[in-house]
Amino acid sequence: FFPPVHFVRWRFAALEEGHVSTSGVRRVLILYANVGSGHKMAALALEAAFKRRNYPNLEVMLIDAMECCPSFFRFQFQTLFQQCTQSLAGQHLLGMLYDAADRGHAKAN
C-alpha cells in the first residue's frame, strides 16, 4: 500500500546527509491522530517547516492514523478523547498518562 519506509532519527540534518530512496526522492511521513485540532495543527506545522527549507526532491506525506482504523473504533476513541480533554479530571488523567509514557525523560524548556 505504501512504499517502504526507512526510519531515521528525527532531525533535519538527516535530509542533508543524503538519506535518499532508490528513486532519488526524499520521503517524510508525518503520522498524526486526528482526535483534536492540536495534533493535526502540529503535523501541518511540521509539513510547512519541511517545505520552507526547500529541500530538493522532498516529498512530505501526511497521514491521519485514525483513517486507518475501523469507523467504530475511531468514533469511540475520538469521543473519549474529547470528553477527557474537556473535563478537569480527564485532563489530569491524560497528564499522568503522558508523564508515565515519558518514563522520566526531561521535558524541553
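The values are calculated or read from the model by the stated rules, or taken from the named source; none is laboratory data. Remember, it's a predicted structure, so these values are computed and weren't measured experimentally. Cβ atoms come from the backbone with ideal geometry, glycine included; neighbour counts cover every protein chain shown.
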For this session: Scan segment 26-75 residue by residue and report those that are under 20 Å from Q86 (Cβ atoms), surrounded by 12 or more Cβ atoms within 10 Å (Cβ to Cβ) and free of Cβ contacts under 8 Å to residues at least 12 places away in the same chain.
Result: H39, A42, R74, F75
Problem set entry | One residue from E59, E47 being modelled with pLDDT of 85 or more, among the charged types (D, E, K, R), outside any helix (DSSP H, G or I) and closer than 22 Å to L29 by Cα | E59
For this session: Just name the residue that is farthest from A42 (Cα to Cα) out of those in segment 76-109 that are at pLDDT 85 or above and in a loop (DSSP other than H, G, I, E, B).
Result: S87
Exercise. At pLDDT below 80, among the hydroxyl-bearing types (S, T, Y) and out of contact with any helix residue (DSSP H, G or I) (no Cβ under 7 Å at 6 or more places or on another chain) - does that describe any residue in segment 68-75?
Worked result: no
